[in-house]
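S.K.: Mind looking over this structure? Questions follow.
The values are calculated or read from the model by the stated rules, or taken from the named source; none is laboratory data. Quick caveat, the model's predicted, so the values are computed rather than measured. Note that each Cβ is placed from the backbone with ideal geometry, even for glycine, and that neighbours are counted across all protein chains shown. Quick note on the areas: whole protein, heavy atoms, side chains included, nothing else; ligands and nucleic acids left out. Shrake-Rupley method; radii C 1.70, N 1.55, O 1.52, S 1.80 Å.
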Amino acid sequence: MSLFVYIGKDGPQGSELRKTVRERHIAHIEKLDAAGRIVFAGPLRDRDEEPCGSVIVFEADDFAGAEAVAQSDPYTAEGVFASIAVHSSLAVFPKP
């Protein structure tokens, strides 16, 4: 397993759409968490503390698998996110 970072940035209707899609988004992330693949997941917030995106650090077998996680997220599929980015990463800190 490799480490990946998935960042989704909300579109213009993101705030409104989050209200109707959130339960499905959480269920999507909970499946990964139950499999022990989530390192960190949570909302990005703007200066007013309003959600404006999400960041998820997780393990996947490969880049294609990581991209599949991002593409199958209801926030992506339902248009909450205007853009998504998936990057591979390495854990440097905290040191073991």
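S.K.: How large is Rg/Rh for the chain, to two decimals, with Cα atoms and a Kirkwood Rh?
M.R.: 0.97
S.K.: Now for a different question. State, as an integer percentage, the relative contact order of the chain based on alpha-carbon contacts under 8 Å between residues 6 or more apart.
M.R.: 49 percent
S.K.: Hey, can you rank 42-50, 62-70, 29-37 by average C-beta count inside 10 Å, highest first?
M.R.: 62-70, 29-37, 42-50
S.K.: When the dipole is taken about the Cα centre of the chain, and only Lys, Arg (+1) and Asp, Glu (-1) are charged at their Cβ, what size is it in debye, to the nearest 20?
M.R.: Around 140 debye, computed over the chain.
S.K.: Still on this model: What lysines sit close enough to Lys95 to cross-link, taking a C-alpha to C-alpha distance under 29 Å and skipping anything fewer than 8 places away on the same chain?
M.R.: The qualifying lysines are Lys31.
S.K.: Where only protein heavy atoms count, and the probe is 1.4 Å, what is the accessible area per residue for the chain in Å²?
M.R.: Averaged over the residues of the chain, the accessible area is 65 Å².
S.K.: Below 19 Å, Cα to Cα, which lysines can Lys9 reach? Residues fewer than 8 away in the same chain don't count.
M.R.: Lys19
S.K.: Relative to the longest principal axis of the C-alpha atoms of the chain, give the angle of the C-alpha long axis of helix 63-72, reported between 0 and 90° and rounded to the nearest 10°.
M.R.: Helix 63-72 and the main axis of the chain meet at about 20 degrees.
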